[in-house]
Amino acid sequence: MNENEREKRMSSRTGRIERQTRETKIVLQIDMDGTGKSGVSTGVGFLDHMLELFAAHGFFDLHIEAEGDTHVDDHHTVEDVGICLGLAVVEALGDKAGIRRFGGETVPMYEALGSVYVDICGRPFLDFRAPLEGGKVGTFDVELTEEFFHGFVNNSGSTMHVDVPRGRNAHHIIECIFKAFGRALNQASRIDPRVQGVLSTKGSL
């Protein structure tokens, strides 16, 4: 990849997804090389807040408009936003040439400590270990956090490990996860001038 090709790629790493089902209608756009600006409206207030944190700490420009059957519950909206985010990242990264591929971060949030590690490798897998079994933050069912990340990894083709070894407050636990997610994905998706093609001895991701 010559310098002109690299500059062109750096200027166009955006993804836009429009997805409509009988349960949700979502328009999502992400710029992987943004400044952390966001405009998020999903109808699920706590999810909006978490995605704003994700964008700010990952330096992504993120815009989401979503409508869903939240009169049933928030499950479909949360999962489908994760799906759309995964698809948009795939579109933004294209053939993945030049990216670092791996990223990981640990973030403290008061009594909670959360780590997220990402491999943009084409193989979807999620290992999610956090003390979030039942309960709510406001009206948000905390187990939907894991459903969001299942949607993301299955549609971005990423391997992700989420580990919260300690934490008592569910809001803090989920917040440190989303902040770490933003920072980890930012690391993994950065263009590294030392990477020629894709970072794999197989020659493909």
Checklist entry - Among the residues of the stretch 8-16, is there at least one that is open to solvent by less than 70 Å² (accessible area, probe 1.4 Å), modelled with pLDDT of 95 or more and outside any strand (DSSP E or B)? => result yes
Next on the checklist: Here is a list: LYS25, LYS37. Which entry is more than 30 Å from GLY135 (Cβ to Cβ) and charged (D, E, K, R)?
Outcome noted: LYS37
Next on the checklist: Would you confirm whether or not the stretch 126-138 contains a residue that is over 24 Å from ASP33 (Cβ atoms), in contact (Cβ under 8 Å) with a residue 60 or more places away in the chain and among the acidic types (Asp, Glu)?
Outcome noted: no
Item to check | Every residue from the stretch 141-170 that is farther than 20 Å from LEU205 by Cα, assigned to a strand (DSSP E or B) and of a type outside the set (Val, Ile, Thr) | outcome: ASP141, ASP163, PRO165, ARG166
Next on the checklist: Among the residues in the stretch 118-140, are any assigned to a loop (DSSP other than H, G, I, E, B), hydroxyl-bearing (Ser, Thr, Tyr), open to solvent by 10 Å² or more (accessible area, probe 1.4 Å) and more than 15 Å from LYS179 (Cα to Cα)?
Outcome noted: yes
Checklist outcome for this item: Restricted to the stretch 44-71 and to residues being part of a loop (DSSP other than H, G, I, E, B) and at pLDDT 95 or above, the residue most open to solvent (accessible area, probe 1.4 Å) is PHE59
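This table checks each residue for (1) open to solvent by 40 Å² or more (accessible area, probe 1.4 Å); (2) basic (Lys, Arg); (3) in a loop (DSSP other than H, G, I, E, B).
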{"site": "THR77", "(1), (2), (3)": "no, no, no"}
{"site": "VAL81", "(1), (2), (3)": "no, no, no"}
{"site": "CYS84", "(1), (2), (3)": "no, no, no"}
{"site": "ALA88", "(1), (2), (3)": "no, no, no"}
{"site": "ALA92", "(1), (2), (3)": "no, no, no"}
{"site": "ASP95", "(1), (2), (3)": "yes, no, yes"}
{"site": "GLY103", "(1), (2), (3)": "no, no, no"}
{"site": "THR106", "(1), (2), (3)": "yes, no, no"}
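The values are calculated or read from the model by the stated rules, or taken from the named source; none is laboratory data. It should be emphasised that the depicted structure is a prediction, and the values quoted were computed from it without experimental measurement. Cβ sites come from the backbone with ideal geometry, for glycine too, and all protein chains shown count toward neighbours. Heads up: the accessible areas ignore ligands, DNA and RNA and are worked out on the full protein's heavy atoms, side chains in. Shrake-Rupley method; radii C 1.70, N 1.55, O 1.52, S 1.80 Å.
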